[in-house]
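J.: Following this message is one structure expressed as structure tokens.
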Amino acid sequence: MKNVLNCLTLLLVLSSCSKIDVNSDPILGIWSHNVKSGSTAITDKVVIDSHEWIFNDAYLGRFHAYNDGEVVFLTDFKWTVEGEIYTLSYPGTDLQANQLKMIVNEEGDQLVKLSGSTFAIKQN
């Protein structure tokens, strides 16, 4: 009787396991943007000359801001996609959310703002 109960329990556990969906969105990976004309400021005290976004498959990521190659600002972000529009939000910060589109061409993958300006380029 104990053996039958153990087998039924094992069968119940195995049958209740669900398959985890694999996120293969093309946004996954590392994206960067170098500020071409001088530096920009995230806050009044933090000056940056490049940005980096690392997108993972759990709809989360890590944002880095650099000045002269050193990380001067670091935070996590969330990302969502609806149709062709990606939205990045930075909970717990004053950073505004970004709405972006992806452009894929011979020059590489680019994220562009809805206004058309380049936001970031995917690193290979």
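J.: Within segment 49-72, can one find any residue that is closer than 14 Å to Ser32 by Cβ, modelled with pLDDT under 95, in contact with a Ser or Thr (Cβ under 7 Å, 6 or more places away or on another chain) and acidic (Asp, Glu)?
T.: So far as segment 49-72 goes, yes, one or more of its residues are closer than 14 Å to Ser32 by Cβ, modelled with pLDDT under 95, in contact with a Ser or Thr (Cβ under 7 Å, 6 or more places away or on another chain) and acidic (Asp, Glu).
J.: Just the residues that are part of a loop (DSSP other than H, G, I, E, B), within 15 Å of the chain's Cα centre (by Cα) and small (Gly, Ala, Ser), please, taken from segment 96-124.
T.: Ala97
J.: Which number in (1) farther than 23 Å from Gln123 by Cα; (2) at pLDDT below 90; (3) within 19 Å of the chain's Cα centre (by Cα) marks the one condition that Lys19 misses?
T.: So Lys19 meets the others, but not (3).
J.: State the number of residues belonging to segment 73-95 that are of a type in the set (Ser, Thr, Tyr) and either at positive phi or within 10 Å of the chain's Cα centre (by Cα) (or both). Can you show your working first?
T.: Initially, segment 73-95 is screened for residues of a type in the set (Ser, Thr, Tyr), giving 75, 80, 86-87, 89-90, 93.
Filter once more, so that each one left must be either at positive phi or within 10 Å of the chain's Cα centre (by Cα) (or both): 80, 86-87, 89.
So the count comes out to 4.
J.: Taking the conditions exactly as written (assigned to a loop (DSSP other than H, G, I, E, B) and either modelled with pLDDT of 90 or more or within 26 Å of Ile103 (Cα to Cα) (or both)), does Ser32 satisfy them or not?
T.: no
The values are calculated or read from the model by the stated rules, or taken from the named source; none is laboratory data. Only a predicted model underlies this, so the values are computations on that prediction, with no experimental measurement involved. Glycine also receives a Cβ, built like all others from the backbone with ideal geometry; neighbour counts cover every protein chain displayed.
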